[in-house]
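Structure record follows, encoded as structure tokens.
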Amino acid sequence: MNPALTLLLLLTALVSLHVGSTDIAVLDGLWQWLNGTDSAAAIVIGEIRLPRTLLALTVGAALGMSGAALQGLLRNPLADPGLTGASQGAALGAASVFYFGLFPAAGAAAPALAGLIGAGIAMSLMLLLAGPSRQAMVIMAGLAISTLTGSLLAAVLNFAPNPFALSELVFWLLGSVSERGLDHLWILGPALLIGGGLIWSQRRLLLGLSLGEQVAQSMGLSYTRGSRLIILGAALLVGASVAVAGAIGFVGLLVPHLVRPLVKNRPDRILIPAALVGAILVCVADIVVRWMPPGRELKLGVLTSLIGAPLFIWLVWQERKRWL
Amino acid sequence: MAVIRIEQLQLDSRLAGVSLNLKPGELFGVIGPNGSGKSSLLECIAGLQRYTGDIHLDEHNLAHMPGQARARRIALLPQRCQSAWALKVADVIALGRLPWGDEDADIIARAARQTGVFEWFDARVDHLSGGEQARVWLARVLAGRPEVILADEPLASLDLHYQQRVLELLRDYARAERSVLLSIHDLTLAAQWCDRLVLLDSGRVHAIGTPETVLTPDNIRHVYDVEVEVDFSASRPSVRVLR
């Protein structure tokens, strides 16, 4: 199944490279860009469409995988990557850049860098608060830290120096992969590799946890250490993607539900397909955004939320029926 | 020679100076009222609790044994089990192979046949009844082929038929090099099926030995505060509560 999903992902990426306001020969442009030729096609592909496509793919992969990992860890199909506090922390970090002008040397990547640091701090606070945690404590602590960072974010918005900074901030928070360069990939790429690697290393724990902590521990799996590695990995994935692209809602929550039937509900086998499907979905959503009639752009994060929220309501409805 | 040797096991206020030996081929019953420390004892051996005192598996100190090596030789069947995901029965049983890092199809199918769940091999575990699920959880434990099974009240919530089937399975398993430590509430079943019993009272060993020596009216009155009539003369021993 993974090869089929990979093929679908490549096709999506190819379509994404084709979509834009001007008609250009994509493969020629790509080839010219790789060769360093200074043609219009090379610039459009290399500077605009390729970064946008790659970012959509990596953000989607990061969100999909972190959602699958957290739902497996918390044994809760309604768990959202935002639960760790990482999303809000990243948003706060990035917002502080707009407000205080942190990291001027990093240029356009400054919000992303600050976002990653914000996600890291929020995660550490959450782990500190949760202690040697039971899963219920992780949810409570995540909620508490999310609320804290959310209120700080509101304060930053409240005291925005001018209307322009405020609108810039709000639009950034809505989530998008446009107007970003390949340098953002230098933040997302390693985060995807390291975070994904941490989660992948704990896939046996995720499988063992299907029958509960007791069973997992009795099978020789270290719950305390493993769960921290998974949370750290997920925070890295979510933090980096929020830091680069703002809030792209519901992808982490919904993708695992789409993938679960394909892997017979096994929480260890879901990780890679969830990353691939997440990548495909975000890229498709971004294609739809670009296909919309010209004018004020619909932000990617708004689109995923508009589609995701009804699906989420449907999921809650299904869960409710299970318990009735 | 004992498979498991426990000396002066202490777990905060739950266990106090528990010592016992589990021999190869033995079905050893752990009895006692609620809160007497039955589950805590099994959890200590399964590596879920930090205890003081010594638990030895053969000549190895369990506290210093890597988790995976322990899990290959000792498996826990917890009191309550539930799968968070709608896994296939085959995948649940395959979980028993986690400590071995393989998913040996033969061993998994054999464990399913042993417990009589092979007909639902490809069914979803959440579609089975409670009694059927209980046998799937047991099959998961059998698939790991441990030397010692720690079964924590496996009969709770099972009807009479499944109680007998589960006891037969555990009785069969406890042969040659393998043994089973079983916590159990029903004293009549304990008397009928177990080779030896330990009677726990508030975390301490009140009595240990064969069912005849442990299940005396005096011991039961002291620990459970009920009067019983015990009959070991019949072909199947029984413990009957008088008041």
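The values are calculated or read from the model by the stated rules, or taken from the named source; none is laboratory data. Keep in mind it's a predicted model, so treat the numbers as computed, not measured. Here the Cβ is made from the backbone with ideal geometry for all residues, glycine too, and neighbour counts use every protein chain on show. We work out accessible area using only protein heavy atoms, side chains counted, and drop any ligands, DNA or RNA first. Shrake-Rupley method; radii C 1.70, N 1.55, O 1.52, S 1.80 Å.
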Tell me the residue from B:190, B:207 that is touching a residue at least 24 places away in the same chain (Cβ under 8 Å), within 22 Å of residue B:3 (Cβ to Cβ) and of a type outside the set (Val, Ile, Thr), please. B:190
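Residues checked against (1) within 14 Å of chain B (Cβ to nearest Cβ); (2) within 30 Å of residue A:33 (Cβ to Cβ):
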{"position": "A:129", "(1), (2)": "no, no"}
{"position": "A:138", "(1), (2)": "no, no"}
{"position": "A:143", "(1), (2)": "no, no"}
{"position": "A:155", "(1), (2)": "no, no"}
{"position": "A:170", "(1), (2)": "no, no"}
{"position": "A:176", "(1), (2)": "no, yes"}
{"position": "A:203", "(1), (2)": "yes, no"}
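One line per residue, one yes/no per condition, for (1) of a type in the set (Val, Ile, Thr); (2) within 18 Å of residue A:100 (Cα to Cα):
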{"position": "A:123", "(1), (2)": "no, no"}
{"position": "A:127", "(1), (2)": "no, no"}
{"position": "A:138", "(1), (2)": "yes, no"}
{"position": "A:144", "(1), (2)": "no, no"}
{"position": "A:148", "(1), (2)": "no, no"}
{"position": "A:152", "(1), (2)": "no, yes"}
{"position": "A:157", "(1), (2)": "no, yes"}
So which of A:13, A:79, A:114, A:42 ends up being among the small types (Gly, Ala, Ser) and in a loop (DSSP other than H, G, I, E, B)? A:79
Going through (1) in contact (Cβ under 8 Å) with a residue 40 or more places away in the chain; (2) open to solvent by 30 Å² or more (accessible area, probe 1.4 Å); (3) within 15 Å of residue A:67 (Cα to Cα) one by one, residue A:309 fails only at (3)
How many residues does the range A:215-246 contain that are modelled with pLDDT under 90, surrounded by fewer than 23 Cβ atoms within 10 Å (Cβ to Cβ) and away from every other protein chain (no Cβ under 12 Å)? 2
Residues (closer than 26 Å to residue A:257 by Cβ, in a helix (DSSP H, G or I) and of a type outside the set (A, V, I, L, M, F, W, C)) located in the range A:274-299: A:278, A:286
Within the range B:118-136, residues open to solvent by less than 60 Å² (accessible area, probe 1.4 Å), more than 14 Å from chain A (Cβ to nearest Cβ) and not polar (S, T, N, Q) come out as B:120, B:128, B:130, B:131, B:132, B:135
